[in-house]
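A.B. asks: Sharing a structure, written as structure tokens. Questions coming.
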Amino acid sequence: MRWNAATAGPWLGTAARLVLGGVFVVAGALKVPDPGAAVRAVRAYRLLPESLVAPVAFGLPVIEIAVGLALLLGVFVRTASIAAAVLLVVFLVGVGSAWARGLRIDCGCFGNGGEVTAGETAYPLEVLRDAALVVVALLLARWPASRLALGGRSVAGTTDRKEYSRAR
């Protein structure tokens, strides 16, 4: 079997879906058990009026889990990828803003969050991680066809190369 874009592309799309979807499901699921920590994390950024802190803190995990599940299952892949990219850009802006303003916070990306001591911030790593995930999300939005997907843009087998080529 020759390894080329027609055969590798759908598997790369599957890997991208699973990584991106897994990150979003885990991030959302880790926030659900402790709503107080989610509120502290959102409040720590000091970007939203107090009236929006709780709705964002409670709604964000639900959105993250929904986007992640869509990606893991391979349904609405393009839409979920675009939503993931938008969320990640918002996260990048938030982290970048906190970093630029000298706030000492844990991003709250995977639960917890809130103010921390000076040596506990991880802004460069958070920015690098989210920027890499934005690239993955945008590539997946551009080429959503993948294997093991429940949605209509999946590629079932090597005989479906024409479908994959059209999806690209």
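A.B. asks: Being within 18 Å of GLU115 (Cβ to Cβ), hydroxyl-bearing (Ser, Thr, Tyr) and assigned to a helix (DSSP H, G or I): is that true of SER97 here? Show your work before the answer.
C.D. replies: Values: within 18 Å of GLU115 (Cβ to Cβ): yes; hydroxyl-bearing (Ser, Thr, Tyr): yes; assigned to a helix (DSSP H, G or I): yes.
For SER97, the condition - within 18 Å of GLU115 (Cβ to Cβ), hydroxyl-bearing (Ser, Thr, Tyr) and assigned to a helix (DSSP H, G or I) - is met.
A.B. asks: Just a yes or no: is a residue in segment 96-119 of a type in the set (Asp, Glu), farther than 30 Å from PHE76 by Cα, surrounded by fewer than 16 Cβ atoms within 10 Å (Cβ to Cβ) and at pLDDT 80 or above?
C.D. replies: yes
A.B. asks: Within 17 Å of the chain's Cα centre (by Cα), closer than 18 Å to ALA132 by Cα and of a type outside the set (S, T, N, Q): is that true of VAL89 in this structure? Before the answer, list the steps.
C.D. replies: Numbers: within 17 Å of the chain's Cα centre (by Cα): yes; closer than 18 Å to ALA132 by Cα: yes; of a type outside the set (S, T, N, Q): yes.
It is true that VAL89 is within 17 Å of the chain's Cα centre (by Cα), closer than 18 Å to ALA132 by Cα and of a type outside the set (S, T, N, Q).
A.B. asks: Give the residues of segment 120-162 that are modelled with pLDDT under 75 and surrounded by fewer than 16 Cβ atoms within 10 Å (Cβ to Cβ), sorted by residue number.
C.D. replies: GLY152, ALA156, GLY157, THR158, THR159, LYS162
A.B. asks: Moving to a separate point now. Does segment 46-66 contain any residue that is in contact (Cβ under 8 Å) with a residue 40 or more places away in the chain, within 16 Å of ALA141 (Cβ to Cβ) and part of a helix (DSSP H, G or I)?
C.D. replies: no
A.B. asks: Taking only pairs six or more apart or across chains, which ones have beta-carbon atoms under 9 Å, a first residue in segment 123-148 that is on the phi > 0 side of the Ramachandran plot, and a second residue that is of a type in the set (A, V, I, L, M, F, W, C)?
C.D. replies: Every condition considered, the pairs that remain are LEU148/LEU18.
The values are calculated or read from the model by the stated rules, or taken from the named source; none is laboratory data. Quantities reported herein were computed from a predicted structural model and do not represent experimental measurements. For neighbour counting, all protein chains shown are included, and Cβ atoms are generated from backbone atoms with ideal geometry for every residue, glycine included.
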